[in-house]
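Any read-out appearing in this document is the output of simple, stated calculations on the displayed coordinates, not a laboratory observation. Please read these numbers as outputs of a predicted model, since none were measured by experiment. Cβ sites come from the backbone with ideal geometry, for glycine too, and all protein chains shown count toward neighbours.
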Amino acid sequence: MSTHKFPVRIYYEDTDFSGYVYHAAYLKFFERGRTEFLRDLGIHHFELIEDGIAFAVRKMEIDFLGAARIDDLLSVETRVAEATPVRLVLEQTILREDAVLTKARVLVVAIKTTGGPVRLPAGLRALLQGET
């Protein structure tokens with residue numbers, strides 16, 4: 001599967017007193033990138049919820065390599081590293097132009113909205129694996 005790109009502008013609310021992006025804000029940027037990646041595949045959270053399925057982040061490894069500042073225009077890149085019937089591993093990178101600022105490896109699992117693990121529908125898995 002190819003890499004999905006999503007632009008993010010840094011606003012005052014994303015920064016700390018120094019004008020640099022507060023570390024927790026990167027989590028929001030990664031989440032937006034994942035959501036838009038799914039949306040561009042035609043996968044919408046509200047439809048999954050209607051089917052009784054949700055995604056939950058089980059594990060996330062983040063490597064902070066550089067800092068973003070107020071008014072920067074960043075790109076959140078997302079790609080599928082692995083997709084199985086119940087879990088999805090995504091590799092995400094936040095860049096300012098060609099400079100890598102932050103990298104994350106995210107383990108997302110499928111769960112029932114009532115609790116407990118669930119297998120992803122075959123069609124959804126195929127989309128995530130780039131088979132359609």
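Shown for Ser18, Ser2: other C-beta atoms within 10 Å of each C-beta, ranked fewest to most, produce the order Ser2, Ser18.
Net charge in the neighbourhood of His44 (other residues with Cβ under 12 Å of its Cβ; Lys, Arg +1, Asp, Glu -1) is -4.
Near Thr15, once Lys and Arg are set to +1 and Asp and Glu to -1 for all other residues with Cβ below 11 Å from its Cβ, the sum equals -4. Count charges around Thr113 for me, please; just the other residues with Cβ under 13 Å from its Cβ, Lys/Arg as +1, Asp/Glu as -1. With Lys, Arg at +1 and Asp, Glu at -1, the neighbours total -2.
Note on region 4-128: Rg/Rh from C-alpha atoms, Kirkwood Rh, equals 1.01. Against the longest alpha carbon principal axis of the chain, how many degrees, from 0 to 90 and to the nearest 10, is the axis of helix 25-40 turned? Roughly 40 degrees, rounded to the nearest 10.
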